[in-house]
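The values are calculated or read from the model by the stated rules, or taken from the named source; none is laboratory data. All values derive from a computational prediction rather than experimental measurement. Note that we place each Cβ from the backbone using ideal geometry, even for glycine, and neighbour counts take in every protein chain shown. Calculation scope for accessible area: heavy atoms of the full protein, side chains included, ligands and nucleic acids excluded. Shrake-Rupley method; radii C 1.70, N 1.55, O 1.52, S 1.80 Å.
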Amino acid sequence: MKKFILLIFSLFIFSANAGYCVIDAATGEDIKGYRGELPDLTERFQRYVPQVARPQFKSVDAFNVSKGYKPVPRDNPTYVNVILKKEKVSQFANDINQLLPNIERLLYSIEHEENEQLFAARANDLYDNVEYLRKKYQDAPERFYPAYDALITVANRARAVVAVRNEAMVYNKYLPYQTEGYMYTPQYINEQLTYLRQELTETISLMKDVN
């Protein structure tokens, strides 16, 4: 009896592990696989369609915000000078421009052969102003400007001509023209005035190039 019960129990376990089979009623063959209705999974998923971004444009009228605003005073020089700032002139250029009349007056004095006292006054005035300029920019980058060097050179030459003229008034009566006295002759002084005039003209050109 116990063996019979164990046999039935073993067959039950075997049939549970082996699964079950379905027999086709028409052919009598075993139909393998799942038989029944499967859920429709397409309802939960959508086919991927790439999206193309398109910019949104508004009409020109939408950007017209001029209503309520005053027109820009482009013809007003005050407004233009504030908005469009002009290039500033350097301090060195301002100082150079202030010396330009001194140079031109000294050149005029040579060309028109003004008296020695007036020439000496203008030459000494130029020297004093150039000396101030030299000390002001002697350690600055402006000392490399050609106009800076030309001003110092021409101011020193002008003062040297004044000194020679003053000495000539005293010593030309006592020194012979062949030796030391030659530098006090009118010919020598006129040569120095010619060199000075050339240097003054070149210096004026260099000064006008400074900005």
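Let's see how each residue does on (1) at pLDDT below 90; (2) under 16 Å from L200 (Cβ atoms):
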site	(1), (2)
S90	yes, no
A93	no, no
L107	no, yes
A123	no, yes
V170	yes, no
M183	yes, no
Given the residues R134, R157, which is the only one that is closer than 15 Å to R197 by Cβ, open to solvent by less than 80 Å² (accessible area, probe 1.4 Å) and either touching a residue at least 40 places away in the same chain (Cβ under 8 Å) or among the charged types (D, E, K, R) (or both)? R157
From the option list E142, E116, E131, single residue qualifying as at pLDDT 95 or above, in contact with a helix residue (DSSP H, G or I) (Cβ under 8 Å, 6 or more places away or on another chain) and among the acidic types (D, E) is E131
